[in-house]
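Worksheet: one structure, shown below.
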Amino acid sequence: MSENSSSPGGVAAVNRALLILDAFRQTTGVLSLKEIAETTGLYKSTVLRLLESLEGFGYVRRLESGAYHLGPKLSELAAVYQESFNLQSYVVPVLETVVAEINESATFYVTEGESRVCLYRVETPQLIRDHIRVGDALPLKGASGKALIAFAKGLQTPTDVNELVFTSAGERHPDMAAVAAPVFGVGGKLIGALNASGPKTRFTAKALKQFSRVIQREAIQLSVRLGAPENRFLKPHA
């Protein structure tokens, strides 16, 4: 953002203030005036005026060294967000999108001890399908099990998006196949795995490519909406 521009819509001064707060993402949490100006592309004089307002409302704090640190008001808002956060409202629409596009059942699994638990599920209308119920605990195997194990520590470094897709055939049941991708939240923390499953006969090589694209896309978009750092999803070179 340049000094004379702002994000589409909204109020320019508000957009710039939010841009300053965004500058603290993926940092140690302490920034100098110069670093904030360089990161945001705003003049130091503009940054100073906005910092005064942010400090007055408790969103930033000026240290004795002259550098700036995020203020306590943000932790208060984070607590409110956590209390009001409803994962289901984020995940279920994604499962519905997956089913609508590939016509196979979609499931969201989370890790619980040595198992993967079905937290949310949307069934395909097809008569022949795998049968899994919300609350079912299954071994950490299959496509979703692989995803949950591989990224148990979260998305810690920038990763090629193709490395996020996992497949399986006949691992949980000899007649079933699946494709899955991990879903992350704030800071890259693992939240769960987005999974599509069905009869192996429908998971042909051609279909699997399509299913993988859909699962990969929806898992990444869901992760970003849940707060995962977008810059850790690297697109493969052409």
- Task: Return a yes/no flag: does region 176-195 have any residue that is free of Cβ contacts under 8 Å to residues at least 40 places away in the same chain and assigned to a loop (DSSP other than H, G, I, E, B).
- Result: yes
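Can you report the number of residues in region 31-48 which are within 14 Å of Asn15 (Cβ to Cβ) and open to solvent by 20 Å² or more (accessible area, probe 1.4 Å)?
So the first thing to find is which residues in region 31-48 are within 14 Å of Asn15 (Cβ to Cβ), and the list is 40-42, 46-47.
Retained after the next criterion (residues that are open to solvent by 20 Å² or more (accessible area, probe 1.4 Å)): 41.
Of the residues in that region, 1 qualify.
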- Item | Conditions (1) within 18 Å of Glu112 (Cβ to Cβ); (2) open to solvent by less than 40 Å² (accessible area, probe 1.4 Å); number of the one not met by Thr159 | (1)
- Does any residue in region 36-52 that is of a type outside the set (D, E, K, R) come within less than 6 Å, Cβ to Cβ, of a residue that is part of a loop (DSSP other than H, G, I, E, B) six or more places away or on a different chain, and which pairs are these? Ile36/Ala23; Thr39/Ala23; Thr40/Ala23; Gly41/Met1; Gly41/Ser2; Leu42/Glu3; Tyr43/Glu3
- Item | Lys189 vs. criteria under 30 Å from Asp22 (Cα atoms), surrounded by 15 or more Cβ atoms within 10 Å (Cβ to Cβ) and of a type in the set (Lys, Arg) | yes
- Verdict on Tyr81 being modelled with pLDDT of 90 or more and either touching a strand residue (DSSP E or B) at 6+ places or on another chain (Cβ under 9 Å) or assigned to a helix (DSSP H, G or I) (or both): no
- Query: What is the number of the single condition among (1) open to solvent by less than 30 Å² (accessible area, probe 1.4 Å); (2) part of a helix (DSSP H, G or I) that Ala100 does not meet?
  - Reply: (1)
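The values are calculated or read from the model by the stated rules, or taken from the named source; none is laboratory data. Worth saying up front: this structure is predicted, and the values here are computed from it rather than measured. Here Cβ is always computed from backbone atoms with ideal geometry, including for glycine, and neighbour counts include all displayed protein chains. Side chains included, ligands, DNA and RNA excluded: accessible areas come from the protein's heavy atoms. Shrake-Rupley method; radii C 1.70, N 1.55, O 1.52, S 1.80 Å.
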